[in-house]
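Visitor: This structure is in structure tokens; I'll ask about it shortly.
The values are calculated or read from the model by the stated rules, or taken from the named source; none is laboratory data. Keep in mind it's a predicted model, so treat the numbers as computed, not measured. Glycine gets a Cβ as well: all are built from the backbone with ideal geometry, and neighbour counts include every protein chain shown.
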Amino acid sequence: KSALPSPPRTRIITVANQKGGVGKTTSTVNLAAALAKAGLHVLVIDADPQGNASTALGADHRSGTPSMYDVLIEGDTLASVLQTCPQFPSLVVAPATLDLSGAEIELVNMVSRETRLRRAIEDYIIHRNEAGLTRLDYILIDCPPSLGLLTVNAFTAGDEVLIPIQCEYYALEGLSQLIKTVELIREHLNPHLQLSTILLTMYDQRTNLARQVADEVREHFPRQTLATAIPRSVRVSEAPSHAQTVISYEPSSSGALAYREAAQEINQRAQPAGATR
Ligand code: ADP
Ligand code: MG
């Protein structure tokens, strides 16, 4: 029995920020794990050739492993590349291998290059339905640190954008470009897309700077910013080296509790209107 209620439809959340090291991957895997631990059915799509989300979720992603490269470039089904996370039976992963680094360029000359991920997801949702499998509650897409075609595919496939913001200097730098990109995608490729959520990461409440950044973000994005901020915590950064999320690695740590709270907040919020799946 789920500890959290299922959303009325599958929610597809794209986790993006063209800056590296702001907590995209950490937030994707830990939110996914928190939702799965609460009994929900979750798919994580690793769209970053680095494959860090695959690592943290214990998915094999050696070069040659069936992966998002095969889905996006070869047109293979998502079902054919999925691996179940060892820690959470209701959490599946579509891994990324280094092969995906070539996809950014290979996609340029492909037909419907911006919508290949959306197609694959739509087909997979239909496949699960036809196979009588439990409906997915969440799909989380982890993006690379750029606004290239992989990220464009993730925006085109998603209903919601979640932006992690690191509470550091220059936190808001690049944000207007990111928002402009989301608006362009909405105009041309995906009218449903909404910037629904901002998550403050690596928050250290002892520093004035972190508090100032948090205040500034909340002022600019009062509706989107989650009340829960993720604290800086050594356990969070250690977990991936054990092929785990902090939710399974150290469930009582401050980082695990914060991610579980953030997941609960996201699940409580209404799914944006216009989402169709
Ligand atoms: P991105 O995916 O945006 O590049 P990551 O999620 O990989 O960012 O995080 C960048 C680095 O910061 C990683 O080494 C990660 O372990 C670390 N990190 C992320 N969140 C936290 C946190 N709350 N506390 C401590 N370290 C963190
Ligand atoms: Mg990452």
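Visitor: Which residue pairs have Cβ atoms under 8 Å apart, sit 6 or more places apart or on different chains, and have a first residue in the range 40-57 that is at positive phi and a second that is in a helix (DSSP H, G or I) and more than 14 Å from ligand 1 (Cβ to nearest atom)?
Guide: Gly51/Leu98; Gly51/Leu100
Visitor: Something else now. Criterion first (within 16 Å of ligand 1 (Cβ to nearest atom), farther than 22 Å from Asn190 by Cα and not in a strand (DSSP E or B)) does Ala32 satisfy it? Outline the logic, then answer.
Guide: On the way: within 16 Å of ligand 1 (Cβ to nearest atom): yes; farther than 22 Å from Asn190 by Cα: yes; not in a strand (DSSP E or B): yes.
In short, yes.
Visitor: What is the number of the single condition among (1) touching an Asp or Glu at 6+ places or on another chain (Cβ under 9 Å); (2) within 22 Å of Thr14 (Cβ to Cβ); (3) assigned to a helix (DSSP H, G or I); (4) of a type outside the set (Val, Ile, Thr) that Ala210 does not meet?
Guide: (2)
Visitor: Let me ask something additional. Restricting attention to the range 40-70, which residues are more than 19 Å from Leu136 (Cα to Cα) and of a type outside the set (Gly, Ala, Ser)?
Guide: Asp48, Pro49, Gln50, Asn52, Thr55, Asp60, His61, Arg62, Thr65, Pro66, Tyr69, Asp70
Visitor: Here's something else I'd like to know. Could you check the range 208-239 and list, in sequence order, the residues that are more than 14 Å from ligand 1 (Cβ to nearest atom), of a type in the set (Val, Ile, Thr) and farther than 20 Å from Asn267 by Cα?
Guide: Val213, Val217
Visitor: Let me ask something additional. Out of curiosity, is Ala210 surrounded by 19 or more Cβ atoms within 10 Å (Cβ to Cβ) and small (Gly, Ala, Ser)?
Guide: yes
Visitor: Further question on the same structure: Test of understanding: among Thr151, Thr156, which residue is touching a helix residue (DSSP H, G or I) at 6+ places or on another chain (Cβ under 7 Å), touching a residue at least 12 places away in the same chain (Cβ under 8 Å) and more than 15 Å from Leu82 (Cβ to Cβ)?
Guide: Of the residues listed, the single one that is touching a helix residue (DSSP H, G or I) at 6+ places or on another chain (Cβ under 7 Å), touching a residue at least 12 places away in the same chain (Cβ under 8 Å) and more than 15 Å from Leu82 (Cβ to Cβ) is Thr156.
Visitor: Also: Across the range 1-29, what is the total count of residues that are in a loop (DSSP other than H, G, I, E, B) and within 16 Å of ligand 2 (Cβ to nearest atom)? Don't jump to the end; show me each part of the working.
Guide: Our first condition is that a residue be in a loop (DSSP other than H, G, I, E, B); within the range 1-29, this holds for 1-10, 16-23.
Now narrow it down to the ones that are within 16 Å of ligand 2 (Cβ to nearest atom): 16-23.
Result for the range 1-29: 8.
Visitor: Within the range 253-265, count every residue that is assigned to a helix (DSSP H, G or I) and either at pLDDT below 95 or out of contact with any Leu (no Cβ under 7 Å at 6 or more places or on another chain) (or both).
Guide: Summing the residues that are assigned to a helix (DSSP H, G or I) and either at pLDDT below 95 or out of contact with any Leu (no Cβ under 7 Å at 6 or more places or on another chain) (or both) in the range 253-265 gives 7.
Visitor: Condition test on Ala239, is it under 23 Å from Glu160 (Cβ atoms), among the small types (Gly, Ala, Ser) and modelled with pLDDT of 95 or more? Lay out the reasoning, then the answer.
Guide: Values: under 23 Å from Glu160 (Cβ atoms): no; among the small types (Gly, Ala, Ser): yes; modelled with pLDDT of 95 or more: yes.
Spelling it out, it is not the case that Ala239 is under 23 Å from Glu160 (Cβ atoms), among the small types (Gly, Ala, Ser) and modelled with pLDDT of 95 or more.
Visitor: Within 16 Å of ligand 1 (Cβ to nearest atom), assigned to a helix (DSSP H, G or I), more than 14 Å from the chain's Cα centre (by Cα) and not hydroxyl-bearing (Ser, Thr, Tyr) - does that describe any residue in the range 44-60?
Guide: no
Visitor: Right, something else. Among all residue pairs at least 6 apart or on different chains, which show Cβ distances below 6 Å where the first residue, located in the range 230-249, is more than 22 Å from Gln205 (Cα to Cα) and the second is among the small types (Gly, Ala, Ser) and within 15 Å of ligand 2 (Cβ to nearest atom)?
Guide: Pro240/Ala56; Thr245/Ala56; Thr245/Ala239; Tyr249/Ala239
Here's the yes/no breakdown for (1) surrounded by fewer than 16 Cβ atoms within 10 Å (Cβ to Cβ); (2) of a type in the set (D, E, K, R); (3) assigned to a loop (DSSP other than H, G, I, E, B):
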site	(1), (2), (3)
Leu162	no, no, no
Ala171	no, no, yes
Lys180	yes, yes, no
Asn190	no, no, yes
Leu195	no, no, no
Gln205	yes, no, yes
